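First comes the structure, then the notes that go with it.
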């Protein structure tokens, strides 16, 4: 049985800067996904992203000697994670096809608050505290503000917001389940096999339901696709897992508030999305809530926060 003991060292300044850089990369992922839709169908984009990412992780794992074989009983556990992962990512891509990257980033970053509630019930020793409850309330108010914004918000946009909200919940469910079984696996297996599982489903869905699988694969669209595949899903995984094993989740999760900030600001700068006062206030509340939650208790976050997106 594979066991992985995670460190909890404080980050030196250079490692802290690198963690800020990683979190900024992860925060920009929704912007890259949204931009890729200008030239690739929604489901096709997801299928291509994970095809490229799975290939990159496969060669990295081969090169570094990671174990691919699953033991008896692990196949069913991986299948459960893979099914939730596929549904979760399908809803994320559909949702981002309807709403803005800025709003989608805020919605998906409500995951820590869903995780907070689920951890209370399903992770032994991770109980609700006053600090956590305060963070949860701030996140909920932020969510209400996102939904209350009226500028450019159609019924379709609200449906997209709701899809991504469900994505955040499914991500939290998957995180709790993964937390309970991750000690039985090599960490890369938890990422690689769900990716491999979802590829045929997304490509088939793209063939059946995307109006056109490939519309315009120019340099910018290809760059957005490669960003999702190689920068976040591949390099991001390798870099974050390396940092996680060296420094531990307690140190790294102090920085995850950077992700929604990066997503909202880059959505405005790159995609020209409107950044309204409701969005900014929601961002402030959600970021503050994330900080409160993570400084209150981070023991449930012993896996990669970016795996679901």
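The values are calculated or read from the model by the stated rules, or taken from the named source; none is laboratory data. In this text, all values refer to a predicted model and were calculated from it rather than measured experimentally. Cβ: placed from backbone, ideal geometry, glycine included. Neighbour counts: every protein chain shown.
Conditions (1) surrounded by fewer than 22 Cβ atoms within 10 Å (Cβ to Cβ); (2) modelled with pLDDT under 95; (3) out of contact with any helix residue (DSSP H, G or I) (no Cβ under 8 Å at 6 or more places or on another chain), marked per residue:
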residue	(1), (2), (3)
50	no, no, no
65	yes, yes, yes
73	yes, yes, yes
82	yes, no, no
93	no, no, no
100	no, yes, no
106	no, yes, no
114	yes, yes, no
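Only one entry in 186, 148 is modelled with pLDDT under 90 and under 19 Å from residue 106 (Cβ atoms), namely 148. Look at segment 189-201: where a residue is on the phi < 0 side of the Ramachandran plot and a partner is at pLDDT below 95 and not in a helix (DSSP H, G or I), sitting 6+ places away or on another chain with Cβ atoms under 6 Å, you get 191/307.
Pairs meeting the criteria (first residue in segment 77-89 and more than 12 Å from residue 177 (Cα to Cα), second residue modelled with pLDDT under 95 and outside any helix (DSSP H, G or I), beta carbons under 9 Å, at least 6 apart or on different chains) are 88/308; 88/309; 89/308; 89/309.
Of all residues in segment 271-284, exactly one satisfies the criterion of being buried (at least 21 other Cβ atoms within 10 Å of the Cβ) and either closer than 25 Å to residue 16 by Cβ or at pLDDT 95 or above (or both), namely 283. With the requirement that a residue be closer than 22 Å to residue 35 by Cα and crowded, with 22+ Cβ neighbours inside 10 Å, what does segment 237-270 give you? If the condition is that a residue be closer than 22 Å to residue 35 by Cα and crowded, with 22+ Cβ neighbours inside 10 Å, then 237, 259, 260, 263, 264, 267 are the ones that fit.
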